[in-house]
Amino acid sequence: MYTLKDNDVISEVMCGNNFEYILKDSSQFVNTDYKVLQSQNNGIFIKCMKMTRNGLVDLYYVTDEYRPMSSMFVGINPDTLINVIINLFASVIEVRNNGFLACQCIDLSWDKIFVEQNTLKVKLVYLPLSVRAFDSYAEFESELRSSIVKLADKVITSSNARLDQFVQDLCNGSMSLEDVYNKSRGAGTAPITKSEKRSQMMPGTSANGSIKLVAMNAPSHFELLIDRDDVVIGKKQELVDMVIPFNRMISRKHCRITNRTGVYYINDEGSANGTFVNGVRLNPGQKAQINRGDIIRMADSDFQIV
């Protein structure tokens, strides 16, 4: 998975069974997040201690009581993998619903997700930094889901019906993380209340005379309300009117939807991975009429017009 190490924001130093993350720029350390992290008593996070090394902020993580998830992959059976992932989901959902800390600051590399050997409960590594590996929670969850699907395909040599269904559910954009957890949790495990669905509506407008683009394979329910005559869509907030945060393959400025007296059109804005209408790719700058029921694809994300 993508981590801040890839962007040279931090460097890692191993200390026996523990490890340190050294910040390349100490100004990126967020003391308020660190204080909140120290106050957490829910058992979700790996213990973190702030130190200094050569004048730089050094985050020391105490992990010697736990096992890295990556060390469990050889010979792991489908049910054990699902149980660990379900416990990972429970921790992520609690962090998200708590709201005090951002899931985008959780280290998602498999060797930095830790497991209690006897209970299979998951411990997370949190980085109290101003720079994050993901721009939004939706992007974080999308990366988490896709990485789990790839992991299952890589490490499981003999699947079973439960794992096959679990992977299908992860790929189903209409199912929230709570839905997947509740469907796959073991007997005796309490269900998690489903969070409210999120939609995106342009400020200062109403839904009259509008259309919606409803995501079909997003990590959670997501929709765009198109209720203005000219709307630019992409992933770079500074360049567009509406942002799709959960797919990095979508271009910064991907496509434009226009309304001409009740008739809607879409045109590609020179995107890298294409804009499609009902499976037909548009040429850059090409305009196509769209109607309710049509399927719009941006890169590999599908949306239905309703």
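The values are calculated or read from the model by the stated rules, or taken from the named source; none is laboratory data. Source: prediction; values computed, not measured. Ideal geometry is used to build each Cβ from the backbone, glycine not excepted, and the neighbour counts take in all protein chains shown. For the accessible areas, the whole protein counts, side chains as well, though only heavy atoms, and no ligand, DNA or RNA atoms are used. Shrake-Rupley method; radii C 1.70, N 1.55, O 1.52, S 1.80 Å.
Confirm whether Ile305 is closer than 23 Å to Arg145 by Cα, in contact (Cβ under 8 Å) with a residue 40 or more places away in the chain and either open to solvent by less than 20 Å² (accessible area, probe 1.4 Å) or touching an Asp or Glu at 6+ places or on another chain (Cβ under 7 Å) (or both).
Spelling it out, it is not the case that Ile305 is closer than 23 Å to Arg145 by Cα, in contact (Cβ under 8 Å) with a residue 40 or more places away in the chain and either open to solvent by less than 20 Å² (accessible area, probe 1.4 Å) or touching an Asp or Glu at 6+ places or on another chain (Cβ under 7 Å) (or both).
Return only the number of the condition from (1) of a type in the set (Ser, Thr, Tyr); (2) open to solvent by less than 80 Å² (accessible area, probe 1.4 Å); (3) modelled with pLDDT under 85 that Ser130 does not satisfy.
Exception for Ser130: condition (3).
Applying the selection to segment 232-279, what residues are among the polar types (S, T, N, Q), surrounded by fewer than 18 Cβ atoms within 10 Å (Cβ to Cβ) and assigned to a loop (DSSP other than H, G, I, E, B)?
Residues satisfying the conditions are Gln237, Thr261, Asn273, Asn278.
Can you report the number of residues in segment 68-108 which are acidic (Asp, Glu) and either surrounded by fewer than 17 Cβ atoms within 10 Å (Cβ to Cβ) or without any contact (Cβ under 8 Å) to a residue 40 or more places away in the chain (or both)?
So the count comes out to 2.
Filter segment 109-147 down to the residues that are more than 17 Å from the chain's Cα centre (by Cα) and in contact (Cβ under 8 Å) with a residue 40 or more places away in the chain and list them by number.
Asp111, Phe114, Val115, Glu116, Gln117, Leu120, Lys121, Val122, Lys123, Pro128, Leu129, Ser130
What number goes with the only condition from (1) in contact with a strand residue (DSSP E or B) (Cβ under 6 Å, 6 or more places away or on another chain); (2) more than 13 Å from Gly234 (Cα to Cα) that Val280 does not pass?
Of everything listed in (1) in contact with a strand residue (DSSP E or B) (Cβ under 6 Å, 6 or more places away or on another chain); (2) more than 13 Å from Gly234 (Cα to Cα), Val280 misses just condition (1).
Just the residues that are open to solvent by 50 Å² or more (accessible area, probe 1.4 Å) and touching a Cys at 6+ places or on another chain (Cβ under 9 Å), please, taken from segment 147-179.
Within segment 147-179, none qualify.
Could you tell me which numbered condition Ser159 fails, if it satisfies all but one of (1) closer than 30 Å to Gly75 by Cβ; (2) in a helix (DSSP H, G or I)?
With respect to (1) closer than 30 Å to Gly75 by Cβ; (2) in a helix (DSSP H, G or I), Ser159 is out only on (2).
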